[in-house]
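The values are calculated or read from the model by the stated rules, or taken from the named source; none is laboratory data. Treat the numbers as computed from the prediction; the structure is a model and nothing was measured. When we count neighbours, we look across all protein chains shown, and the Cβ atoms used for this are built from the backbone with ideal geometry, even at glycine. These area figures cover heavy atoms from the full protein model, side chains too; ligands, DNA and RNA do not enter into them. Shrake-Rupley method; radii C 1.70, N 1.55, O 1.52, S 1.80 Å.
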Amino acid sequence: MATHPRSLHALLGGGAVADVLLWRRRNASAAAVVAATAVWFVFERAGYSLPSVLANALLLLVAILFFWAKSASLLNRPLPPLPNLEVSDVVVEKAADRALVWINRVLAVGHDIAIKRDRKVFIQVILILWVVSYIGMLFNFLTLIYIGVMLSLLVPPLYERYQDQVDEKLGVAHSVLSRHLDTIITRAGQSAKQKKTE
């Protein structure tokens with residue numbers, strides 16, 4: 001395998017998450033697959049809804065904590081250890097900064113379409129939204145999340161193993177799609193010019 005400027009591990013963040021996604025921590029990766037499958041099964045096949053499962057889990061947690069605290073005071077034992085249950089300003093600021101970046105990207109795309117009248121961006125957005133809509137018709141939201149989790153756990157190790165071949169094939173596919181997109185854009189531009197001259 002040829003050397004690449006940045007490893008896939010570094011591109012995935014380089015930490016514990018990258019290790020799990022690349023199956024370098026096999027137990028954690030297998031646990032993630034099993035947990036995702038269990039959650040999908042509980043919600044999709046067993047017929048439970050998210051609010052009912054959350055309410056039942058919180059009900060059980062509150063009951064356990066209540067009885068633990070009551071029994072601790074009766075038996076002279078320590079109270080249940082609870083972490084500090086508040087969100088820090090730093091966490092909120094980081095989340096707001098990340099959300100701001102994504103919102104600005106979406107607004108920039110909208111600006112390119114509406115103000116600059118960039119046909120290429122317009123057609124790309126239309127195609128992406130159509131694909132998302134089509135896939136959304138085939139699966140429900142929870143199944144899509146499950147497929148996304150499974151792909152995020154299965155594709156990175158395969159890509160890391162066959163990176164050169166995949167890059168080569170994706171390069172060919174990208175050039176073919178770019179040519180087709182350019183053809184569509186030029187034809188759309190020509191038909192618009194013909195309508196203006198008529």
Seminar exercise, completed: Looking across segment 131-149 at residues that are closer than 29 Å to Asp182 by Cβ and hydroxyl-bearing (Ser, Thr, Tyr), the single one that is least open to solvent (accessible area, probe 1.4 Å) is Ser133
Problem set entry | Extreme residue, farthest from Ile64 (Cα to Cα), among residues of segment 79-93 that are open to solvent by less than 100 Å² (accessible area, probe 1.4 Å) and in a loop (DSSP other than H, G, I, E, B) | Ser88
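Here is a yes/no grid of residues against (1) open to solvent by 90 Å² or more (accessible area, probe 1.4 Å); (2) in a helix (DSSP H, G or I); (3) within 30 Å of Gly47 (Cα to Cα):
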| site | (1), (2), (3) |
| --- | --- |
| Lys116 | yes, no, no |
| Ile123 | no, yes, no |
| Leu129 | yes, yes, yes |
| Leu151 | yes, yes, yes |
| Pro156 | no, yes, no |
| Gln165 | yes, yes, no |
| His180 | yes, yes, no |
Exercise. If only one of Trp40, Trp68, Trp23 is surrounded by 10 or more Cβ atoms within 10 Å (Cβ to Cβ), touching a Phe, Trp or Tyr at 6+ places or on another chain (Cβ under 7 Å) and not basic (Lys, Arg), which one is it?
Worked result: Trp40
